[in-house]
Amino acid sequence: MSSEKAGRVIVTYARGWQSLAVTRSLGRRGVEVITADEVAMTPASFSKYSTASFTYPDCSKNPDEFLDKLESEIIRHKPDDLDTPYVLMPIHKETYLIAKHRERFEAHIRVPVPSIEQIEEVHNKGTLAAYAQDNGLCAPPTIFPASIEELESRADEISLPAFVKLRESAAGVGIAKVDTREKLISYFKSLVDDYGLAPEDYPIVQQGVPGDDYCVTTLFDRGKLIACMTYRNIRQFPADKGAGVVRETVKAEKMESVCEALLGPKGWHGVAEIDFRWTGDLDEDPWLIEVNPRFWGGLTQAVESGWDYPWLLYRLAVDGEVDSPEDVSYDVKTEAPLVGLLATLQEISKSSTHSDNLKEAWKGAREEFNEGSKREGLRQLFGGLKDFVDVKGRSETVQELFKVHKNTVNDLFSSDDPRPMLGALYPLVVFLKHGKINMELLTSESGPPKAAEESDEDS
């Protein structure tokens, strides 16, 4: 069957920038795109390439209702002409549930995702770290405490700073960078308590390693690597553990070889993105961090660089085979909208020297007011304020950040498809409702069900 024949695709998680990239990629090639999400008024649903949209229940909280709704919508939107290609492209956390129950959908629609067994082998951060240790892959030193007591006895095995990580999460949710033994144990305990984790699901503790964050994107055809590109995160939000805000395409053959060796023998079929940390030193091996067995947040980076994964995956699902892309570029930078603004505000606040200095100045001033010279107290206080404001430092930081963002392609804005800008209303609504914006609220990614939430529902 020729993939040039216009087909129909259902794209889930329509709030994501990666979903918008999928919608635009396929829509521009004449494919009908139906977008879906837990919420309405998403960037992808506003796209002129979205021909229809629907909502579904939260797949984490109501998995049965989600499956029923998705199946009914797939049947409702099924093309009358049975020769018309019809493909389901799950994007985010719903990928795992769909993979687990794919037999419900395959009678109606093509489902080009890995098997749930393949996904479970690599998605769980604990399983992946253990696999890396057992197979001689370069991964950060990791411990897998099965109790608080074991953590306390083994905490000194991991050099600080370290990361405490939920085994099942994304977008930096349930991950904290800690620089003291006390903080490590405290955050570990809080995750166990907040999420009501069983010992086999306890967080892992992973040593921090030097380098920048690299993301290797891949497409496999039953274990054969078809396409592979790498981008580096120049900026992140939140810093040190969050999603990429500004990215650039790079060459990284060593990392790409690791990905092929990791997923190829498993017979991987579909897309995957693998995270590494690397210093850039060719004599040093990159550190394997995480595998995302689905489309990734920086998908626009790949598409703009010539690796059009949505179209490649569509062709693989329809034709059963696909060739590697040839017209590719390495001089591309992209950025995530809105989140980039949050990252900028975060960096500016850090650059203003430091609320700690202001606190110390106030403490000293107060002592002088009470027991010493009021003139000296005022001098200390105004010195602390001047240091805190640091207008020059803030200005220099902003200028440097503008340089980083120069000549980037925006995930959201497109001159031929401007309406997804209305999708900015969603994070605005999130802010108005919750009084804050973070990755957990924006992505609805929260790891395992929280114990508190479960008790609330029971009551």
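The values are calculated or read from the model by the stated rules, or taken from the named source; none is laboratory data. All values reported here derive from a predicted model rather than from experimental measurement. All Cβ positions, glycine included, derive from the backbone under ideal geometry; neighbour counts span all protein chains shown.
For the range 69-85, indicate whether the set of residues that are touching a Gly at 6+ places or on another chain (Cβ under 9 Å), within 17 Å of Ile34 (Cα to Cα), buried (at least 16 other Cβ atoms within 10 Å of the Cβ) and modelled with pLDDT of 95 or more is non-empty. Yes, the conditions are met somewhere in the range 69-85. If you go through the range 251-287 and keep only what is in a helix (DSSP H, G or I) and farther than 25 Å from Leu316 by Cα, you end up with just Lys254.
Looking only at residues of the range 86-98 that are assigned to a helix (DSSP H, G or I) and not hydroxyl-bearing (Ser, Thr, Tyr), we find that the one that is surrounded by the fewest Cβ atoms within 10 Å (Cβ to Cβ) is Leu97. Screening the range 99-203 for helices (runs of 4 or more DSSP H) wholly inside it with 3 or more residues that are touching a residue at least 40 places away in the same chain (Cβ under 8 Å) and out of contact with any strand residue (DSSP E or B) (no Cβ under 6 Å at 6 or more places or on another chain) returns the ranges 116-123, 181-195. Here the condition is being surrounded by fewer than 21 Cβ atoms within 10 Å (Cβ to Cβ), modelled with pLDDT under 95 and over 23 Å from Ser153 (Cα atoms); of Gly196, Gly211, Gly223, it holds for Gly211 alone.
Each residue in the range 32-58 was checked for being out of contact with any Lys or Arg (no Cβ under 6 Å at 6 or more places or on another chain) and surrounded by 24 or more Cβ atoms within 10 Å (Cβ to Cβ), and 8 of them qualify. If you filter the range 71-80 down to residues that are touching a strand residue (DSSP E or B) at 6+ places or on another chain (Cβ under 9 Å) and outside any loop (DSSP other than H, G, I, E, B), you find that the one that is nearest to Ala99 (Cα to Cα) is Ile74. Annotation for the range 240-262: no member residue is under 17 Å from the mean Cα position of the chain (by Cα), free of Cβ contacts under 8 Å to residues at least 24 places away in the same chain and within 22 Å of Ser169 (Cα to Cα).
Scanning the range 30-70 for residues that are of a type in the set (A, V, I, L, M, F, W, C), outside any loop (DSSP other than H, G, I, E, B), in contact with a Leu (Cβ under 8 Å, 6 or more places away or on another chain) and under 16 Å from His92 (Cβ atoms) yields Ala36, Ala44, Phe66, Leu67.
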